[in-house]
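The values are calculated or read from the model by the stated rules, or taken from the named source; none is laboratory data. Keep in mind the model is a prediction, meaning the values are calculated, not measured. Counting neighbours? That spans all protein chains shown, and the Cβs are built from the backbone with ideal geometry, glycine included.
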Amino acid sequence: MPPFKFTFLATFGVFLFLIAPSAFAQDPSAFEQEKQEYQDCIAESEADPEIAHTNAMTWRDTGGGLPAQHCVALSLASLGRYAEAAVELEIMASDLAHGIGWPFADEGLSLDRDLLAEIYAQAGNAWLLAEFPNKATEVFTLAMAEVDPLSDTFAELLIDRATSQAGTGEYQEALNDLNLAENMLGENAWLHALKASAYRGLEQYSDANSELEYAFSLEPQNREALLERGNLRREVGDKNGARADWLEYLRLYPDSVTAAAVRRNIEVMDVNVEEFNPEPVAGEEED
């Protein structure tokens, strides 16, 4: 069967808390200047990532610390250089864990573990985009070790790790993580669609269909469930059913990030079965 994989569009937040106001206590204007440089770098990474990368490298090499490191990673991700972005983020996490560049280190304050977990999570997402799910699994596991195992953040990291596990064919492990996440977050259509995808990977098609039926009972037009039902129907040989679901998906969500790939699958469905690759449903993000 074609390899199962999820998608994830990495998002990089504006980590203004990487810049410690207390570090500029003697000169508040310096703090504002550093904060502005960070915000400008983030904005520039979207408008002109090549220039943003050059500027971020210069900033980092002249003592920009963690904010500059983060801007380097962001610009690399914006350029589609996801593996390099992931490496930069892992270096950043290691530096943070060892007090290198951490603005509070000299004051004897404890490391912000949630921040460290977020950086690990971003590295994991970058590895996913670079199509190295095995590396992503390792980094998501590191992120999970930094947060409260009863928190929503932990549950969200379980879903991220399920994403990467599915990418390496570890469907049962992915399903285990999704079940744990469901117990923590409660029911929602998207999560049941993810479970259906994992069951499809295990070739447990009846269970996959049951998960999708439940997803539609919660949200009749859920896009992940609609996309996954098309994937499932195509995999069991129901071309007409798959086409109907995918066309309905395109009618409802024509500008989604997955729409172009869905159109390609419809085009090749009756031409070359070997080219068919079920579209992922997890972590999709609108433009």
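Quick notes on this structure:
- Residues satisfying the stated conditions in the range 139-166, i.e. out of contact with any Leu (no Cβ under 7 Å at 6 or more places or on another chain), touching a residue at least 60 places away in the same chain (Cβ under 8 Å) and either not aliphatic (A, V, I, L, M) or not in a helix (DSSP H, G or I) (or both): Asp160
- So Ala215, is it modelled with pLDDT of 95 or more, assigned by TED's automatic domain parsing to the domain that holds Arg264 and surrounded by 22 or more Cβ atoms within 10 Å (Cβ to Cβ): yes
- Scanning the range 227-244 for residues that are under 15 Å from Gly201 (Cα atoms) and charged (D, E, K, R), we see that the one that is surrounded by the fewest Cβ atoms within 10 Å (Cβ to Cβ) is Glu235.
- Whichever residue in the range 146-163 is over 13 Å from Leu194 (Cβ atoms) and either at pLDDT 95 or above or of a type outside the set (S, T, N, Q) (or both) and, among such residues, is surrounded by the most Cβ atoms within 10 Å (Cβ to Cβ): Leu157
- All positions within the range 167-211 that are in the same structural domain as Leu226 (by TED's automatic domain parsing), acidic (Asp, Glu) and in a helix (DSSP H, G or I): Asp207, Glu211
- Answer from Ile51, Ile42 - the residue that is at pLDDT 50 or above, among the hydrophobic types (A, V, I, L, M, F, W, C), surrounded by fewer than 14 Cβ atoms within 10 Å (Cβ to Cβ) and out of contact with any strand residue (DSSP E or B) (no Cβ under 8 Å at 6 or more places or on another chain): Ile51
- Residue in the range 262-270 that is surrounded by 23 or more Cβ atoms within 10 Å (Cβ to Cβ), within 19 Å of Ala193 (Cβ to Cβ) and modelled with pLDDT under 95 present: no
- Residue match in the range 245-259 (condition: among the aromatic types (Phe, Trp, Tyr) and either on the phi > 0 side of the Ramachandran plot or assigned to a helix (DSSP H, G or I) (or both)): yes
- Lone qualifier among Gly230, Gly237 - being assigned to a helix (DSSP H, G or I) and not β-branched (Val, Ile, Thr): Gly230
- Every test in (1) modelled with pLDDT under 85; (2) under 16 Å from Gly124 (Cα atoms) is passed by Glu90 save one, and that test is (1).
- Matching entry among Ala166, Ala196 (being at pLDDT below 95, closer than 28 Å to Arg233 by Cα, among the aliphatic types (A, V, I, L, M) and in contact with a helix residue (DSSP H, G or I) (Cβ under 7 Å, 6 or more places away or on another chain)): Ala166
- Which numbered condition Gly80 misses (of (1) at pLDDT below 90; (2) not in a helix (DSSP H, G or I)): (1)
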